[in-house]
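Step one of this worksheet: look at the structure below.
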Amino acid sequence: MMDKRKRLWMRVAILGVLLGALVFAVYSSFAKDNKEIKIGMQAPNFSLEQLNANGKELKLSDLKGKGVVLNFWGSWCEPCKAEFPELEKQYQRYKADGIVIVGVNISETPLAIQQFVDQYRVSFPILMDRQSEITRIYQIGPIPTTFFINKDGIVQDQFIGQMSESTIIQKINKIKP
């Protein structure tokens, strides 16, 4: 008789622990702070070290008043390689109109980044997200991923994947100051 009671209490205890874990999991999924970056939202501000700037950092908020093309990339990414010459071309075309293209490199060394920048003759600002902190904040999955931010810091559009010349031009026209 005593063994049956012990087993019953043991089963109740195990079920209680499982039920508690289930309740915690359901609560956590609903209470999760989901800060997905959506069109119409204020772009999260950040500060990252610039390549070739002697440790100087660039804050997104420093670019307020300009249209910002925020491009997340890596030198290992084939679509990024194909897209970069077009980004540089549009940077040269639109920088006098208040458009800034900013490349955010994900987790690479300054040497690897510099080799890529030299190879593609990039003149727009390149930021180094060495710990992928900003990559996580912006919830970047596949790269390239590009955000188009207006002069007030509001996300106007997002594009995942390699952009064509016409796509870049169309989206830049949405954010011209």
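The values are calculated or read from the model by the stated rules, or taken from the named source; none is laboratory data. The model shown is predicted, which means the values in this text are computed figures rather than measured ones. Glycine gets a Cβ as well: all are built from the backbone with ideal geometry, and neighbour counts include every protein chain shown. Heads up: the accessible areas ignore ligands, DNA and RNA and are worked out on the full protein's heavy atoms, side chains in. Shrake-Rupley method; radii C 1.70, N 1.55, O 1.52, S 1.80 Å.
General observations
- Within the range 118-177, the set of residues being crowded, with 17+ Cβ neighbours inside 10 Å, assigned to a loop (DSSP other than H, G, I, E, B) and under 10 Å from the mean Cα position of the chain (by Cα) comprises Y138, I140, I143, P144.
- Condition check for G141: among the small types (G, A, S) and at pLDDT below 95: yes
- Scanning the range 95-120 for residues that are in contact (Cβ under 8 Å) with a residue 40 or more places away in the chain and of a type outside the set (A, V, I, L, M) turns up D97, G98, N105, P110, Q114, Q115, F116.
- Residues of the range 98-115 that are out of contact with any strand residue (DSSP E or B) (no Cβ under 8 Å at 6 or more places or on another chain) and either of a type in the set (A, V, I, L, M) or surrounded by 22 or more Cβ atoms within 10 Å (Cβ to Cβ) (or both): L111, A112.
- The range 77-94, subset in contact (Cβ under 8 Å) with a residue 12 or more places away in the chain and either more than 12 Å from Y120 (Cβ to Cβ) or in contact with a strand residue (DSSP E or B) (Cβ under 7 Å, 6 or more places away or on another chain) (or both), residue most open to solvent (accessible area, probe 1.4 Å): Q92
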